[in-house]
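J.: The following block contains the structure, expressed as structure tokens.
The values are calculated or read from the model by the stated rules, or taken from the named source; none is laboratory data. As the structure is a computational prediction, the values presented were derived from the model and not from experiment. Here the Cβ is made from the backbone with ideal geometry for all residues, glycine too, and neighbour counts use every protein chain on show.
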Amino acid sequence: MADTLDLPSDNPIFNISYYLRDVAALYPYRRAVVYPAARDKDGRVAYTHLTFQQLDQESDRTAYGLTSTGITRGTRTILMVRPSIDFFILTFALFKVGAIPVMVDPGMGVGRMLQCLKESDPEAFIGIPPAHVLRTFCPKYFSTVKTWITVGRRWFWSGHSLESIRQLPYKPFPTAETRKNDTAAILFTTGSTGPAKGAIYSHETFDAQIRYIKSYFDFSADEIDLPTFPLFALFDPALGITAVIPDMDPTKPALVNPEKIVEAIINQGVTNMFASPALLNQVGRYGKENRLKLPSLKRVVSAGAPVSPANIEQFSLMLNNNAQIYTPYGATEAVPIIAIGSREILSETVELSEKGYGICVGRPITGLEIRIITISDDPIDEWSADLVVESGEIGEITVKGELVSKKYYNRPEADAAAKIFEKNQVWHRMGDLGWQDNKGRIWFCGRKSHRVVTQNGTLFTIPCEAIFNGHPNVFRSALVGIGNPLQQNPVVCIELEHGKKRMPKKKLKKELIQLGKSSMLTETIDTILFHKAFPVDIRHNSKIFREKLAIWAEKRLK
């Protein structure tokens, strides 16, 4: 991409939609968004698309329409639209208006999603018909909403339709002159290890993300992306990259039809793909079974949960030698902050991970400061160098930089727990534990809230579980603590490999105990429990709900 797309860092006016305007001027006829609209009588996919010029103009038309309904600068607007061309048009229209889109992952479940939406104090609601059905039957969660817009057919409810508000004929929309610290969006965390919280993204946050992503992954102007996570798709128009919307339910990546993903990659010559670990596993297994090759792919980006080396190795069989799988690390509040490629993982770090060193997530991305600080559950008001642990010691991962969100929406207690102030800058506490090696790499050792404090010391989930995961009959393990929070009894829960011939559980338990005794990390663990299927998050099917397992384990041992 040309350097002319980068906003000057000293520019007092920031609006993320400027990127689309500039890309449309440079590449007006290049495809911006490609959507699988239908299939013909032979099952072939028929695609529709918008060019960058069309996307810019359509978002201008829609921006005029939004203002006519009362959605203006600062209006908090729930956006519940499936990945589609309209999703891109509406998001950039909201940015141009200076409104604040509120985005919640529907994969977290209806109850939690409704609570998040209510918490955001929404003033407008834009959604597809099923979303309006939900708000009609649960009105108490939307009592502050004054403007309703339906994307699609409006049924028995009041409000506007997207089709009716589009401004014709076309004329350029005067983009709101938002400042870099103005709120651009509210993005809710998934809440997989605690209450979901609305991270406030400023226009500066988005701007920094785009620049860091472009720099680290070295995207060229002719890239074609297959973003299987909707929010990551929004970076594509700003980067000048063609986004191909996949034919899948984005809330259930573990149930994706791998044939449709492979079909899109081959049909469109996809060069980059974002995939959760669950989707990566599904498509990788399908590719391995059918001996497929995907020569157009230059890189695959997998994030959202730890990615196992076996998963990486399996998918790599479909890639050319010069292609890589990257596993960037971050959170809704700060992403991406650390990254590593599959070559380094498979050639260097995998053997250490299997021995209990943790999962290597890579080196800090240039421009960001990462520090490992002393483990504490207490708020920390001000930054101090004394917080930083010695090299090689496990502590909490913290980050400071432009792409770090500075606060949550209406959550002062969460701000106190997760933010540390250093003059006019903010360090974000990731809530994850890890250590840094002598090569500058960060090793992830699990969530802070999942550590098990015993009378013999503190045990960390990822290193301990790696020891038991080495047994051929184990699909995955989970370390939990039960009893007194300051003197817990460690328990390892085991989910067995599915479809394999299993040895008697009594014999297997004996082998697992012996396996644990072979490592200094796990030698004090004497309790093994077998669980049929771990409770995991809907989105990634990889994040284990250890809190639920701990309750289950305690009941089993009574």
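J.: Just to verify a result, which residue in the range 504-532, among those that are over 15 Å from Val480 (Cβ atoms) and of a type in the set (Ser, Thr, Tyr), is surrounded by the most Cβ atoms within 10 Å (Cβ to Cβ)?
T.: Ser519
J.: What's the total number of residues in the range 225-245 that are out of contact with any Asp or Glu (no Cβ under 9 Å at 6 or more places or on another chain) and polar (S, T, N, Q)?
T.: Of the residues in the range 225-245, 1 are out of contact with any Asp or Glu (no Cβ under 9 Å at 6 or more places or on another chain) and polar (S, T, N, Q).
J.: Still on this structure, please answer the following. Restricting attention to the range 470-491, which residues are touching a Cys at 6+ places or on another chain (Cβ under 7 Å) and over 21 Å from Asn311 (Cβ atoms)?
T.: Matches in the range 470-491: Val480 only.
J.: Have a look at Phe460, Phe444 and point out the one that is buried (at least 18 other Cβ atoms within 10 Å of the Cβ), at pLDDT 95 or above, over 30 Å from Asp249 (Cβ atoms) and of a type outside the set (Val, Ile, Thr).
T.: When all the criteria are applied, what remains is Phe460.
J.: Go through the range 354-371 and report how many residues are crowded, with 16+ Cβ neighbours inside 10 Å, under 23 Å from Ser519 (Cβ atoms) and out of contact with any helix residue (DSSP H, G or I) (no Cβ under 6 Å at 6 or more places or on another chain).
T.: So the count comes out to 2.
J.: Only one of Leu479, Leu403 is closer than 23 Å to Arg556 by Cβ and either in a loop (DSSP other than H, G, I, E, B) or among the hydrophobic types (A, V, I, L, M, F, W, C) (or both). Can you tell me which?
T.: Every option except Leu479 fails the conditions.
J.: Restricting attention to the range 313-353, report how many residues are closer than 30 Å to Glu263 by Cβ and assigned to a helix (DSSP H, G or I).
T.: The total comes to 8.
To keep it simple, each residue is scored yes or no on (1) touching a residue at least 24 places away in the same chain (Cβ under 8 Å); (2) in contact with a strand residue (DSSP E or B) (Cβ under 6 Å, 6 or more places away or on another chain).
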{"site": "Ala305", "(1), (2)": "yes, no"}
{"site": "Gln324", "(1), (2)": "yes, yes"}
{"site": "Thr327", "(1), (2)": "yes, yes"}
{"site": "Pro336", "(1), (2)": "yes, yes"}
{"site": "Gly341", "(1), (2)": "no, yes"}
{"site": "Ser347", "(1), (2)": "no, no"}
{"site": "Val350", "(1), (2)": "yes, no"}
{"site": "Lys355", "(1), (2)": "yes, no"}
{"site": "Leu368", "(1), (2)": "yes, yes"}
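J.: Return yes or no: is Ile397 touching a Leu at 6+ places or on another chain (Cβ under 8 Å), of a type outside the set (Ser, Thr, Tyr) and in a strand (DSSP E or B)?
T.: So Ile397 passes the test.
J.: Tell me, yes or no, whether the range 88-96 has at least one residue that is modelled with pLDDT of 95 or more, polar (S, T, N, Q) and under 20 Å from the mean Cα position of the chain (by Cα).
T.: Yes, there is a match, as at least one residue in the range 88-96 is modelled with pLDDT of 95 or more, polar (S, T, N, Q) and under 20 Å from the mean Cα position of the chain (by Cα).
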